[in-house]
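Here is the structure we will look at.
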Amino acid sequence: MLKLHGFAQSGNTFKVAFLLRALGVPWQPVPMSFADFAAGATRDPRWREGVNEMGEVPVLELEDGRKITQSGVILTMLAEQHGKFGGNGEDERREVLRWLFYDNHKFTSYFATWRFMKSFAAKPADPAVAAFLKSRVDSAFFVVDKHLVAREYIVGDALTIADMSLSGYLFYPADESGYVLEERFPNLAAWRGRLKAAPGWGDPYEVWPGERIAPKW
Ligand SMILES: N[C@@H](CCC(=O)N[C@@H](CS)C(=O)NCC(=O)O)C(=O)O
């Protein structure tokens with residue numbers, strides 16, 4: 001059976017779980033506790049050597065033991081293998097890839113870092129760093145909000161892995177990030193609502209074993 005390494009607060013892990021559930025593929029979580037993650041479990045040299053040299057989750061472990069990393073690669077691989085959620089035709093598939101890059105570089109990347117710093121870091125954020133990160137989150141959110149103004153989904157007219165990737169962190173409670181989408185990003189909020197009706201969607205803290213942690217700051 002496929003195994004997915006990750007932890008409950010990891011939206012990057014959730015993206016992959018969302019797709020596995022939408023595909024109806026049997027899989028098994030390999031959970032790490034947030035405390036172990038925060039203490040550096042993925043940065044341990046033995047973990048890097050045995051699981052992922054990049055020191056990150058998610059990691060999808062295949063039945064033959066191979067380990068696939070980077071959520072964008074995992075999503076693309078599974079979508080190709082199953083012929084689902086990858087976009088229809090070459091143009092849409094390229095468009096899906098374009099949004100996966102944007103997500104990994106700007107959208108999830110800044111938002112996940114911001115949320116971690118705001119709620120889960122060992123120390124309160126430096127105000128200048130927080131202001132910088134927040135401005136980067138805002139501009140990425142404005143881009144996707146505008147893209148969704150007259151669209152139901154990110155690419156084409158059906159659910160794809162681009163939706164799953166970009167939305168991965170948006171289903172966590174608003175107090176973890178301080179972002180109430182309805183107030184400033186109505187198209188993102190409406191799209192998130194549509195995705196909750198997608199096959200396989202579930203609340204991240206129910207989909208993955210592990211405790212919700214109250215924001216520290
Ligand atoms: N681009 C990567 C990002 C993965 C990532 O940043 N994962 C976080 C947890 S959600 C992590 O393991 N971070 C460890 C670190 O940055 O040291 C992906 O999409 O898989």
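Each value in this text was obtained by applying a stated rule to the coordinates, not by laboratory testing. Here the structure is a predicted model, which is why all the values come from computation and not from measurement. With ideal geometry, Cβ positions are generated from the backbone for all residues, glycine too; neighbour counts draw on all protein chains shown.
Based on alpha carbons, the Rg and Dmax found for the chain are 16.7, 48 Å.
Here the calculated FRET efficiency for ALA190 and ALA121, from their Cβ-Cβ distance with R0 = 35 Å, stands at 0.65, rounded to the nearest 0.05.
With contacts taken as Cα pairs under 8 Å at a separation of at least 6 residues, the chain carries a relative contact order of 28 percent.
Annotation: lysines with alpha-carbon distance below 16 angstrom to LYS216 (same-chain offsets under eight excluded): LYS118, LYS123.
Build a GNM of the chain with springs between Cα atoms under 10 Å apart, and of GLU176, GLU61, GLU80 the one that fluctuates most is GLU80.
When only the Cβ of Lys, Arg, Asp and Glu is charged (+1, +1, -1, -1), the dipole of the chain relative to its Cα centre reaches about 360 debye. Residues considered: VAL25, VAL57, VAL144. Largest GNM mean-square fluctuation over the chain, using C-alpha springs under 10 Å, is found at VAL25.
Spin-label model, ALA38/GLU152: points 7 Å from Cα along the beta carbon direction are separated by 4.1 nm. Taking 0.36 nm per residue of separation and subtracting the current Cα-Cα distance, fully stretching the chain between ILE213 and ALA131 would add 27.1 nm.
The calculated FRET efficiency for ASP203 paired with GLN81, based on their beta-carbon distance and R0 = 35 Å, is about 0.85. Averaging Cα coordinates gives a centre for segment 103-165 and one for segment 30-63; these two points are 23 Å apart.
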